[in-house]
Amino acid sequence: MNIEDVNKIIDKIDKSSLSFFELDIENCHIKIDKSEVRSYAASGVVAAAENKVVQNYAPDMNIKSNANAGNSTANTTDDAAATVDEDDSVVVVKAPIVGTFYGAPSPDSDNFVSVGSKVKKGDTLCIIESMKLMNEIESEEDGEVVAIIANDKAMVEYGQPLFKIRRA
């Protein structure tokens with residue numbers, strides 16, 4: 001597979017309604033995930049890179065990834081929480097790693113927390129899946145969840161805000 005073939009595949013997928021595509025052929029692995037861009041457009045948040053395409057190639061092809069961090073801000077799940085004043089009593093919980101955000105322990109379970117939930121230090125707030133490991137993210141404060149910033153099943157970047165907690 002040559003670079004022109006790869007570019008044709010990327011163009012076709014980019015113009016399609018597919019949100020995820022993965023191809024393993026010969027010594028090439030291509031993975032395209034447009035779901036994050038779609039969730040930004042649906043929520044009214046403008047992503048810095050409109051056509052964000054994440055590509056992973058086999059290392060021996062000497063092609064660099066076209067991944068762009070873009071705007072990693074997600075929409076809050078509660079409009080009232082978006083107006084929370086940034087004061088000393090509000091703590092922003094940030095992603096300690098890059099990965100996929102999950103608000104619940106399994107697809108058929110309730111979320112660990114919701115807006116208004118009371119949390120204690122050490123309570124699980126969410127899971128971030130990274131490199132096929134499920135990492136529980138715990139609260140470092142006692143308080144009340146006033147905003148859930150990350151979207152479920154969305155990619156989160158290191159240092160990206162996930163929650164706002166008002167200290168008790």
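If you scan segment 128-160, which residues turn out to be in a loop (DSSP other than H, G, I, E, B) and either of a type in the set (Asp, Glu) or not assigned by TED's automatic domain parsing to the domain that holds VAL93 (or both)? Explain how you work it out, then say what you get.
Initial filter on segment 128-160 (in a loop (DSSP other than H, G, I, E, B)): 131-132, 139-142, 149-154, 157-160.
Hits for segment 128-160 are GLU140, GLU141, ASP142, ASP152, GLU157.
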Of a type in the set (A, V, I, L, M), in a strand (DSSP E or B), modelled with pLDDT under 95 and not assigned by TED's automatic domain parsing to the domain that holds ASN7: which single residue out of VAL84, VAL91 fits that description?
VAL91
Among residues of segment 95-122 being polar (S, T, N, Q) and within 20 Å of the chain's Cα centre (by Cα), the residue nearest to ALA168 (Cα to Cα) is SER114
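The values are calculated or read from the model by the stated rules, or taken from the named source; none is laboratory data. For clarity, every value in this text was computed on a predicted model and none was experimentally measured.
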